[in-house]
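In what follows, a single structure is set out as structure tokens and then discussed.
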Amino acid sequence: MKFCTNCGTGLKHTVRYCLTCGIEIMDEQPKQPQPSSAWQKLRTKQGYMLLSLVVLCAVIGHLVLSTLADPEKKIRSFEQVLQKKDADALYELLVKEPDIQGSPEQLLRFLSSEDIPASIDDLLNTAERVAKTKTDELWGSSQFASGDLLVLKHTKLLFYNSVDIAPLLVETEISLPKDAAITVAGKEYSASKEQLVKVGTFIPGDYPISYDAQFTILPVQGEGTFTVPSSMGKKQSVKLEEIIQGETVKLRSDYDGLLYINGKSTNQYISQIESLSPVSFNEKLKLKIVAKDENGNELHSNELPLTSNELVFEFPGVKERKKGQWNIHTLKDQVDAVWSQLQEDYQKVLKTIDFFIP
């Protein structure tokens with residue numbers, strides 16, 4: 001049973017209008033419990049605490065990120081590590097790229113060759129400019145004789161402009177002749193034809209190199225030092241013969257004939273060869289000349305080891321030199337001598353004429 005809210009008449013649950021006063025009977029809604037004032041205060045307090053925590057985290061995050069992104073902070077950290085001469089820490093701080101040729105000691109030696117701490121203010125100014133202009137810059141070319149030292153790269157840490165510091169890295173290619181093989185910094189490279197071979201990206205400095213190549217009819221083998229200079233910029237291409245700096249050997253002979261190496265003919269006449277370069281001295285390589293006289297008889301020179309910058313081949317037992325068998329280098333020397341004598345005689349004649357003509 002339910003009651004009319006106007007006149008209080010009792011009514012059945014199914015009745016929609018009061019039989020006494022005629023007003024519509026509304027179904028009663030269950031009352032919702034109202035939160036207590038204590039609970040409201042607690043929720044309000046929790047909201048303020050959460051908001052404060054969010055603000056605190058935002059402030060801490062700003063301070064941390066701005067510190068991490070601060071160019072001066074990075075420059076000062078670099079300066080401290082460099083002054084401590086900690087090669088491993090310096091390498092970890094600066095080198096981010098994989099497969100870089102060069103050890104931590106190589107990097108420390110490269111950067112320690114210059115007085116960077118004395119120019120740290122200039123480095124700070126460059127880093128701040130990079131952060132503001134968002135453009136990468138090389139640093140060191142105007143301060144140091146060795147060329148560029150560092151690369152300052154613009155980067156972002158979330159919403160903050162920052163700077164990454166890296167050493168100058170030089171991508172290096174070496175021009176190899178056909179069938180040459182080299183080993184640079186422990187890695188082997190070869191060429192089936194004359195070509196440029198990329199040997200890696202290097203920290204500037206000196207690296208060991210071994211080589212086995214042939215630029216002339218004589219092979220060149222050995223070991224040496226391969227220098228990657230910072231003054232070359234970010235990329236360099238060099239020829240193998242410029243790296244190995246082999247010997248130059250001049251060949252001299254009174255008779256023109258075929259050059260033989262260890263008993264095998266090179267099919268080249270000595271008149272076609274003024275000098276051989278680059279080559280490596282090797283006492284196991286024996287050279288000689290095989291010529292022919294006017295009757296077609298073979299003339300054999302003495303056999304000389306490849307141990308000198310000038311090889312003069314003599315023909316024991318051959319006393320008389322025949323016309324047409326002079327070596328081209330001997331003929332050139334004679335012509336030069338005659339021409340020099342003619343010039344001297346001409347100058348004397350001019351002086352005599354000037355003396356007698358009033």
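The values are calculated or read from the model by the stated rules, or taken from the named source; none is laboratory data. Everything numeric here is computed off the predicted structure, so don't read it as measured data. Glycine also receives a Cβ, built like all others from the backbone with ideal geometry; neighbour counts cover every protein chain displayed.
At a glance:
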quantity: Residues located in the range 150-172, provided they are farther than 12 Å from residue 138 by Cβ and not hydrophobic (A, V, I, L, M, F, W, C); calculated: 154, 155, 156, 160, 161, 162, 164, 171, 172
quantity: Residue satisfying all of: in the range 79-101; touching a strand residue (DSSP E or B) at 6+ places or on another chain (Cβ under 9 Å) and among the β-branched types (Val, Ile, Thr); nearest to residue 119 (Cα to Cα) among these; calculated: 95
quantity: The range 200-221, residues that are assigned to a strand (DSSP E or B) and free of Cβ contacts under 8 Å to residues at least 60 places away in the same chain; calculated: 206, 208, 209, 210, 211, 212, 213, 214
quantity: Selected residue (only one of 239, 235, 250 is out of contact with any helix residue (DSSP H, G or I) (no Cβ under 8 Å at 6 or more places or on another chain), surrounded by fewer than 18 Cβ atoms within 10 Å (Cβ to Cβ), within 20 Å of residue 311 (Cα to Cα) and of a type in the set (D, E, K, R)); calculated: 250
quantity: Hits in the range 94-113 (condition: within 14 Å of residue 83 (Cα to Cα) and touching a residue at least 40 places away in the same chain (Cβ under 8 Å)); calculated: 107, 109, 110, 111
quantity: Candidate set: the range 85-98, residues that are among the charged types (D, E, K, R) and modelled with pLDDT under 90; chosen: the one surrounded by the fewest Cβ atoms within 10 Å (Cβ to Cβ); calculated: 97
quantity: Answer residue from the range 314-334, given it is among the polar types (S, T, N, Q) and touching a strand residue (DSSP E or B) at 6+ places or on another chain (Cβ under 7 Å) and is modelled with the highest pLDDT among those; calculated: 327
quantity: Hits in the range 183-198 - residues which are surrounded by 13 or more Cβ atoms within 10 Å (Cβ to Cβ), touching a Lys or Arg at 6+ places or on another chain (Cβ under 9 Å) and not aromatic (Phe, Trp, Tyr); calculated: 191, 195
quantity: Enumeration of residues in the range 285-313 that are under 44 Å from the mean Cα position of the chain (by Cα), under 10 Å from residue 261 (Cα atoms) and not hydrophobic (A, V, I, L, M, F, W, C); calculated: 286, 305
quantity: Qualifying residues in the range 172-182 (those that are over 22 Å from residue 234 (Cα atoms) and crowded, with 16+ Cβ neighbours inside 10 Å) - the one nearest to the chain's Cα centre (by Cα); calculated: 182
quantity: Enumeration of residues in the range 83-135 that are among the polar types (S, T, N, Q) and touching an Asp or Glu at 6+ places or on another chain (Cβ under 9 Å); calculated: 106, 126
quantity: In the range 155-171, the residues that are surrounded by fewer than 16 Cβ atoms within 10 Å (Cβ to Cβ) and not in a strand (DSSP E or B); calculated: 158, 159
quantity: Within the range 275-313, tally of residues that are at pLDDT below 90 and either out of contact with any strand residue (DSSP E or B) (no Cβ under 7 Å at 6 or more places or on another chain) or more than 23 Å from residue 264 (Cβ to Cβ) (or both); calculated: 4
quantity: Residue list for the range 117-138, filter: outside any helix (DSSP H, G or I) and within 16 Å of residue 77 (Cβ to Cβ); calculated: none
